[in-house]
Each structure stands twice: as C-alpha cells, then as structure tokens.
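The values are calculated or read from the model by the stated rules, or taken from the named source; none is laboratory data. Since the structure is predicted, the reported quantities are computational estimates derived from the model, not experimental observations. Positions of Cβ are backbone-derived with ideal geometry, glycine not excepted, and every protein chain shown enters the neighbour counts. Please note that ligands, DNA and RNA were not included when accessible areas were found on the heavy atoms of the full protein model with its side chains. Shrake-Rupley method; radii C 1.70, N 1.55, O 1.52, S 1.80 Å.
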Amino acid sequence: MAFTTLILDAPGPPLLFEEVDRFLELGLGVTLNLHYFADKERIRQHYGTRIHYAEINCHDEPGFIAAVSQAGGYSVFKTRLNIPLGAGLIRAATSPALATPLRAIAQAGTGINHIDRLACEQCGVAILNTPGSNATAVAEYVVAQALFLSRDLDDYNAETHNGHWAKGSLAPACEYAELTLGLVGTGSIARQVARKAAALGIKVIATGSERFTEPVAHSLGLERRAGLEQLLAEANIVSIHVPLTPQTRGLFGTAEFQQMRQGSILINTARGGIVDEHRLAAFMRQFPRHIKAVAIDTFALEKDRFDSPLTAIANAQLTPHIAGNTTTAIRTASRQIVDNIHAFSADATAR
C-alpha cells in the first residue's frame, strides 16, 4: 500500500519548495493542494510530475470528502492553518473501501482544536503536531503588543495623522520596570514570554493548572499566583496561554474583565473562544477606560467565517492569527512535521 500525504495548505514559495523538497528527500509521496495558491502554474512547472496535485477547497467539507474519495484516499492530511477536520470527513477518509485510508493528521504547529480528536480515536487516526515550534514568534508578538499598547502609541499615531498634537492628552505611561505581566498558562510560549519580559525589567507572575506548584514555579523562575482572580487583581498586562478546552471556553467573561485592574491590557494569542468576544466588546463599550486596550490574535470565528464584535472597538488591536507567523517559525514547524510524518510512515510500514 502506497503511503501518500495530501498537503492541504502549504506555505507559499520559497518555504513551499523547502517543505516539498524535504518530503521528496525522505522518499514520501506527495499530493499538493493548489486551491489556496495564486500562481499555480509556477508550482506545476517547478515540480512537474515529481508530485501529484489536487484542487480542493478544504473549507467545503462535502467537496473535500468527494475529492478524497475520487482520489482513492490519502495516508496523511498535513495542514498548518487550522482547517476544520471534522468527524464526517475523518470517517469518510478512513473508509476501508478506499485504496489508501487515512492513517494520520499532521499539524505543523501546536494547536489541534480544529481536529475532531474523538473521531480520530474511534477511527484509529494518529494526530501529529509540533509543540513549541512557534513559541519564540508568539512570545515576540506578545511582548511587542505589551510594549506598544502600554505606551499608547496607537492613540498618539492616530491623533498625529489627524493633525492633532496630542502630547499631554493622555496620562504619562509607566516604564517597563513599573509593569506587572500576568501569564495565564505556563507552557512553552508563556515561558518564552516570561524570559523576554523579565529581560526588559517587567515583573512576571503566572497562574496555571494544578501541576503548576510552588516548586515548579520556582524552577521556572516565575512568581506563582494561586488563581486567576489573584493574578487579575495584580497584573497591568494579562496574556493568555492555555489551550481551548471545555474548562477554558469562556474563561474570560464579564466577571474576569471586572476583576482586571483599571487601565490594564489583555492579550490573547491562545485560541478563540477562551475570551468571550461579545462580552468583552460590551464591557469595553460600557466601561471604556477600565481596560486600556486589548490585542486579540485568535477568534471564535476565523478565516472565511471571520466575524467579531471587537471590530467596532477602537482600542482593540485585532490581527488574523499571525502571532506565530514568522519565517523561522514556519520553517521549523514544516521541517519538524515532515520528519514526524516520515517517522510515522516508517513505523506504520514496519507493522
């Protein structure tokens, strides 16, 4: 049985070429989905018949299923942009009627909330990912937003572009050594944020799961706070770094916004749904000075479905899930996931 990978949404050239070349170096069969590329002909000319091609809108599940069935299936779906991979697709792609049933879903990145894990478990589909591959990139985004927003630079920029000399219109900002950054979650990204912020003289406190004990906090050089309420009462800047689970969905709602310090900043680079966007927008309209600003990079509805009430909030910095979008992070995740697919294929073939 041939072992083939369908690349759903590769990065653009030249990173695309690095990724596909790595597949070929390792002797892995590749089908590249061209649907999301503007210059399809350039890619076809570059690889010719060395790889196969598909044209699949992966956000159209019925069309996706039909394309997979028509192709006879694929061993692996490889993705990087959090394409929803639901139970219907997974069951169809693992059908024994296919010449090549699905064996694994490979995510070039950490988050796997877009994959129906229960369906994968029921259908015997492994989930591969690359934890920590974009930790530095996301941490840099967090620190950049923290510094930018704490100095009111967006407000001053807007006023100056409008021809207003706004010096003195806002209270003077704090220096970094006067700020306290509160981390909600203590994984690899949060630890990178802590190191970078501490290097600038910012005090860092953190709260996490029950595994984040005082000895663990001490070993990481972090000041532990027992719970979210204590952290929110102390932090000038709050940065979220927990996965989206039934327990963390809606973790930040009206009560949490009220508990935040007057003039504080909220940053979410984790997952949409952890912050209740509707309640946040309503709170910021009702109490416009309580939260100084927010930086939101992940949303409950993203890509073609993007819609957020925060688009109407002036002091909300909104970015389209790009915190981890650096050349180095993409290259690292790409190489790691291709190597993971190769190891998985070797193990599967040996069985």
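Structure data summary
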| item | result |
| --- | --- |
| Unmet requirement for ARG117, which otherwise passes all of (1) closer than 26 Å to PRO11 by Cβ; (2) surrounded by 17 or more Cβ atoms within 10 Å (Cβ to Cβ); (3) at pLDDT 95 or above | (2) |
| Residue check, ALA329 within 15 Å of the chain's Cα centre (by Cα), assigned to a helix (DSSP H, G or I) and under 25 Å from ASP9 (Cα atoms) | yes |
| Yes/no for PHE77 being within 28 Å of ASN325 (Cβ to Cβ), modelled with pLDDT of 95 or more and either in contact with a Ser or Thr (Cβ under 9 Å, 6 or more places away or on another chain) or of a type outside the set (A, V, I, L, M, F, W, C) (or both) | yes |
| Filter result for ILE341 (touching a residue at least 60 places away in the same chain (Cβ under 8 Å), closer than 30 Å to PRO14 by Cα, hydrophobic (A, V, I, L, M, F, W, C) and outside any loop (DSSP other than H, G, I, E, B)) | yes |
| ALA146 being touching a residue at least 40 places away in the same chain (Cβ under 8 Å) and either more than 20 Å from GLY109 (Cβ to Cβ) or outside any loop (DSSP other than H, G, I, E, B) (or both) | yes |
| Identity of the residue in region 161-188, open to solvent by 40 Å² or more (accessible area, probe 1.4 Å) and either polar (S, T, N, Q) or within 25 Å of the chain's Cα centre (by Cα) (or both), that ends up nearest to LEU251 (Cα to Cα) | SER188 |
| Residue identified as open to solvent by less than 10 Å² (accessible area, probe 1.4 Å), within 23 Å of the chain's Cα centre (by Cα) and modelled with pLDDT of 95 or more among ILE43, ILE7, ILE51, ILE83 | ILE7 |
| Near pairs, Cβ below 9 angstrom, 6+ apart or cross-chain, from region 52-65 (within 16 Å of ASP116 (Cα to Cα)) to any residue that is loosely packed, with under 14 Cβ neighbours inside 10 Å and at pLDDT below 95 | HIS59/LYS303; HIS59/ASP304; HIS59/ARG305 |
| Set ASP347, ASP304: member being farther than 19 Å from VAL142 by Cα, under 17 Å from the mean Cα position of the chain (by Cα), open to solvent by 60 Å² or more (accessible area, probe 1.4 Å) and charged (D, E, K, R) | ASP304 |
| Test: residue in region 190-200 that is among the polar types (S, T, N, Q), open to solvent by less than 50 Å² (accessible area, probe 1.4 Å) and in a helix (DSSP H, G or I) | yes |
| Wholly enclosed strands (runs of 3 or more DSSP E) of region 1-69 bearing at least 2 residues within 17 Å of ILE341 (Cα to Cα) | 4-7, 29-33 |
| Some residue of region 134-155 being within 28 Å of the chain's Cα centre (by Cα), open to solvent by 50 Å² or more (accessible area, probe 1.4 Å) and under 30 Å from LYS78 (Cα atoms) | yes |
